[in-house]
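Asks: Quick one: the structure is below, questions incoming.
The values are calculated or read from the model by the stated rules, or taken from the named source; none is laboratory data. Quick caveat: nothing in here was measured; it's all calculated off a predicted structure. Note that each Cβ is placed from the backbone with ideal geometry, even for glycine, and that neighbours are counted across all protein chains shown.
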Protein chains: 2
Amino acid sequence: MSASVTIALDAMGGDRAPAMVLRGADLALERYPDARFLLFGNEAQIAPILAKLPRLKQAAVLHHTDEVVLDDAKPSQALRTARRSSMRLAIEAVSSGAADGVVSAGNTGALMAMSKIVLKTLPGIDRPAIATLFPTRRGESVMLDLGANVECDADNLVQFALMGNVFARTVLGLAQPTVGLLNVGSEDLKGNDEVRAASARLRDGTIPLRFHGFIEGDDIAAGTVDVIVTDGFTGNVTLKAIEGIAKLFSEALRASFQHSMMARVGYVFARVALKKFAMRLDPRRHNGAMFLGLAGIAVKSHGSTDALGFANAIGVAIDLKINGFLQKISDELARLRQPETAMAGVEPQPSAAL
Amino acid sequence: MSASVTIALDAMGGDRAPAMVLRGADLALERYPDARFLLFGNEAQIAPILAKLPRLKQAAVLHHTDEVVLDDAKPSQALRTARRSSMRLAIEAVSSGAADGVVSAGNTGALMAMSKIVLKTLPGIDRPAIATLFPTRRGESVMLDLGANVECDADNLVQFALMGNVFARTVLGLAQPTVGLLNVGSEDLKGNDEVRAASARLRDGTIPLRFHGFIEGDDIAAGTVDVIVTDGFTGNVTLKAIEGIAKLFSEALRASFQHSMMARVGYVFARVALKKFAMRLDPRRHNGAMFLGLAGIAVKSHGSTDALGFANAIGVAIDLKINGFLQKISDELARLRQPETAMAGVEPQPSAAL
């Protein structure tokens, strides 16, 4: 853990940037005291905040730029025009080798488009995917794609399974993670052509991973599998739907405690337990969507997050670097291109459907 | 409310059938004392339970059959072989006019396939959809399709919008319900070809409804629109994901209250508020998925529900009948086939995107 990791930060991305980004980086130094940061953004706005954060100032180098990618910019437009933007320069710091990874809370589509162009996709991967960690009954699962690809064919889904599997092994430290494909039912005949074809490919044993089979929506929270694979349309809608219901749940709970004098007394006694509960489901603890399949580490933070959430997104990027994710996924992909040695890895376990 | 409604019940469908079905019907009589039931199922199993439910016995006629549709039967197989099944006979009671609607907690695919064959789809509807009510921050919204059609084109989505709109007007009693199309973002260019084409059709003013535009996953719980339209794949996964997270949330909350002596004391004081909270989000209160687009009323109950949940599903069928849903949707569809009068209905309101 003592090796120094350098992260490039888009200091201008996010609803409360740049203050939120800088405070987040400062907070990340508590967990990763050896981390270093390259900050890209408007010096006039950043310098006064940095002056009040001496620990971060010591660990960071500021690169001024006037340009920013607007939240409503189209990816194609950002690609053409925002060549000197804080986002683009931060990504280029990774491709040049100056930084080990990039974190931005800015425009997701622009960040993905620029990352694809600047960092390139890994050999063997057609399209990168957005992945995130989810709290489940059993612990944490990784889910992908969350919106990078609204239409996916079977090949894309198989590649997502492969990337998620390597991620779960390296970052979550699981020896043989289980992988499930999201569908409307667990039987072989369920679903559309894409998921059925992907399932057949994942079952045939050529890809060394433990394929659980199809899973359904309620298996996400149940933690039935370690890796949840789906297309970007379903993944995006599902993730946001879950966030929405979690928010409604928290609000309804709070309202129910304000409901009567007795309930308010109860709240005083139950406060510690409720805080523990809220912490476990705090979305800030799970902030930081990873762009997997790129030849570089890129992490997207929620635009509306605060410093604590942004610090967690930085932690995700640092963990990917420390755990050697890029090297391991490259090795795995190279092994798959040489079929004779593909079976030397994890024993494939053709498990029964749910 | 005094008009007598007759509901055909598949007494053998559901995990705890027939007892759960019969107790559910008995419970439904509290809210709908004039309701009548046709029970289809195994007399040897049903009669002893019915003997203990004198109120239901008075209101019900039992039709014996030995056959049942198994939970794992394929729809095509059930169609061919289960011609004397409790499910099929209950559906046929609707097509013959003996009953006003059918409720089953059995195999969803078989129920949909048999309902399509026996009841037929309404003129102007290519494919029926499964719809349900959702608790939201604002109250309740209706969402469809929840799994009848894993692949949907723009025409299907437009028809779902139309059916959901009539449902919200007649059953929810909303004068001008808002309709939203689930997507990965709110901008016009987001999403796949199907949702973009459906959105263009819903905006062009030929269909008299208030189209809000695209909505995202978190708009479901927020109650941004009254009618949420999506394809059956996304709808099914999203609905089950929400159910899964709600269950996890309840469990985590319970665990946090068992966490310490103080928390347990707090629970005693907060009990009423927490019960109120749990009741608001109780899935049994929202049990009963409606098959919309058929020339008859068919409602699917969760297979794992209890008597209270089943009573609510019966209530959904009765409400559809009482509110004249079938007549109103038929009128609306007939009006659309005569374009010159289509605009005479609700004023279309081309609202801005989110």
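Asks: Being under 19 Å from B:Ile220 (Cβ atoms) and either touching a Pro at 6+ places or on another chain (Cβ under 7 Å) or not aromatic (Phe, Trp, Tyr) (or both) narrows it down to one residue among B:Asp153, B:Asp145; which is it?
Replies: When all the criteria are applied, what remains is B:Asp145.
Asks: Given A:Leu172, A:Leu202, which one is assigned to a helix (DSSP H, G or I) and touching a residue at least 24 places away in the same chain (Cβ under 8 Å)?
Replies: A:Leu202
Asks: Read through the list (1) loosely packed, with under 15 Cβ neighbours inside 10 Å; (2) at pLDDT 95 or above; (3) in a helix (DSSP H, G or I), then give the number of the only condition that A:Ser76 fails.
Replies: A:Ser76 satisfies all of (1) loosely packed, with under 15 Cβ neighbours inside 10 Å; (2) at pLDDT 95 or above; (3) in a helix (DSSP H, G or I) except (2).
Asks: Something else about it: Considering only region B:299-354, how many residues are of a type in the set (Ser, Thr, Tyr), modelled with pLDDT of 85 or more and not in a loop (DSSP other than H, G, I, E, B)?
Replies: 1
Asks: Listed residues A:Ile207, A:Ile228, A:Ile220; which is surrounded by 24 or more Cβ atoms within 10 Å (Cβ to Cβ), in contact (Cβ under 8 Å) with a residue 60 or more places away in the chain and either over 21 Å from the mean Cα position of the chain (by Cα) or within 7 Å of chain B (Cβ to nearest Cβ) (or both)?
Replies: Answer to the check: A:Ile220.
Asks: Applying the selection to region B:252-264, what residues are within 7 Å of another protein chain (Cβ to nearest Cβ) and part of a helix (DSSP H, G or I)? It would help to see each step written out before you state the result.
Replies: Keep residues of region B:252-264 that are within 7 Å of another protein chain (Cβ to nearest Cβ), which gives B:252-253, B:256-257, B:259-260, B:262-263.
Within region B:252-264, B:Ala252, B:Leu253, B:Ser256, B:Phe257, B:Met262, B:Ala263 meet the criteria.
Asks: Against the condition in contact with a strand residue (DSSP E or B) (Cβ under 6 Å, 6 or more places away or on another chain) and not in a loop (DSSP other than H, G, I, E, B), how does B:Gly180 come out, does it pass?
Replies: yes
Asks: Which strands (runs of 3 or more DSSP E) sit wholly inside region A:83-163 and have at least 1 residues that are of a type outside the set (Asp, Glu), modelled with pLDDT under 95 and under 22 Å from A:Asp15 (Cα atoms)?
Replies: So the answer is A:129-135.
Asks: Would you pick out the residues in region A:100-149 that are charged (D, E, K, R), touching a Leu at 6+ places or on another chain (Cβ under 9 Å) and surrounded by fewer than 22 Cβ atoms within 10 Å (Cβ to Cβ)?
Replies: If the condition is that a residue be charged (D, E, K, R), touching a Leu at 6+ places or on another chain (Cβ under 9 Å) and surrounded by fewer than 22 Cβ atoms within 10 Å (Cβ to Cβ), then A:Lys116, A:Lys120, A:Arg137, A:Glu140 are the ones that fit.
Asks: Quick check on this structure: which one of A:Ala90, A:Ala60 is under 16 Å from A:Arg36 (Cα atoms), surrounded by 15 or more Cβ atoms within 10 Å (Cβ to Cβ), within 19 Å of the chain's Cα centre (by Cα) and touching a residue at least 12 places away in the same chain (Cβ under 8 Å)?
Replies: Only one candidate qualifies: A:Ala90.
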